[in-house]
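Encoded as structure tokens, the structure appears first; notes follow it.
The values are calculated or read from the model by the stated rules, or taken from the named source; none is laboratory data. This structure is a prediction, so every number in the text was calculated from the model and none was measured. Positions of Cβ are backbone-derived with ideal geometry, glycine not excepted, and every protein chain shown enters the neighbour counts.
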């Protein structure tokens, strides 16, 4: 099976090299955030990669350039750091986009591009540096000549905050959860509006696409809206092989209907 998968991937790459470079290219940048099914979405599209149309591609989470972007955004601690690394983010993102210059539809996905998970690395707030770092990445991708769309999954905030808490303290499941105390400790606001507003203002017009996590999950396949934005047809999305849940914080997620094979 492994050899068959590799042969299919190589065949798709060869087909792209035999075809003229696309006149228009689309890059969809998925930035999570954490605890909105990002790992599941990434592994689903990666597992189905050999069967995708030749003009579609996804960047592996382990890609050297994507890992470098992730390291830079995760290590930034303040606005000065974000300003310092912005030129590097732009340069690396541009190199990543050009590497896939023969791909008409490209997906880049990593939840750490917004910065560290809230509650980690000693940073207070809701991804306080994202509006400084994400635009630098988008700029680099756009410099390759591609149309760039940014996708952000918005989960109902109190539910997201609970999932975040459960994940951070997964080694101590009996620990009591006090929403207000946890929010104050981590520096979380009451909701997403200010974060989304700041990010939207920092990006070119019509770049940011906000997707409802709940509506997407209820569609029967988490990631459907993202895959459609990438350009996959309904039939191609339905044909995707479903994977088991990944990194779940809620026990009930294990029984979600979308994960049934």
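Before moving on, here are some points about what is shown:
- Whichever residue in segment 16-41 is part of a loop (DSSP other than H, G, I, E, B) and under 22 Å from residue 143 (Cβ atoms) and, among such residues, is modelled with the highest pLDDT: 31
- Of the residues examined, residue 44 is not one that is under 22 Å from residue 134 (Cβ atoms), within 22 Å of the chain's Cα centre (by Cα) and at pLDDT 90 or above.
- Picking from residues in segment 150-179 that are exposed (fewer than 13 other Cβ atoms within 10 Å of the Cβ) and assigned to a helix (DSSP H, G or I), the one that is nearest to the chain's Cα centre (by Cα) is 158.
- Residues that are assigned to a loop (DSSP other than H, G, I, E, B), over 19 Å from the mean Cα position of the chain (by Cα) and more than 21 Å from residue 131 (Cβ to Cβ), drawn from segment 70-103: 101, 102
- Counting the residues of segment 124-143 that are surrounded by 19 or more Cβ atoms within 10 Å (Cβ to Cβ) and under 23 Å from residue 161 (Cβ atoms) gives 8.
- In segment 182-217, the residues that are in contact with a strand residue (DSSP E or B) (Cβ under 9 Å, 6 or more places away or on another chain), on the phi < 0 side of the Ramachandran plot and without any contact (Cβ under 8 Å) to a residue 12 or more places away in the chain: 200
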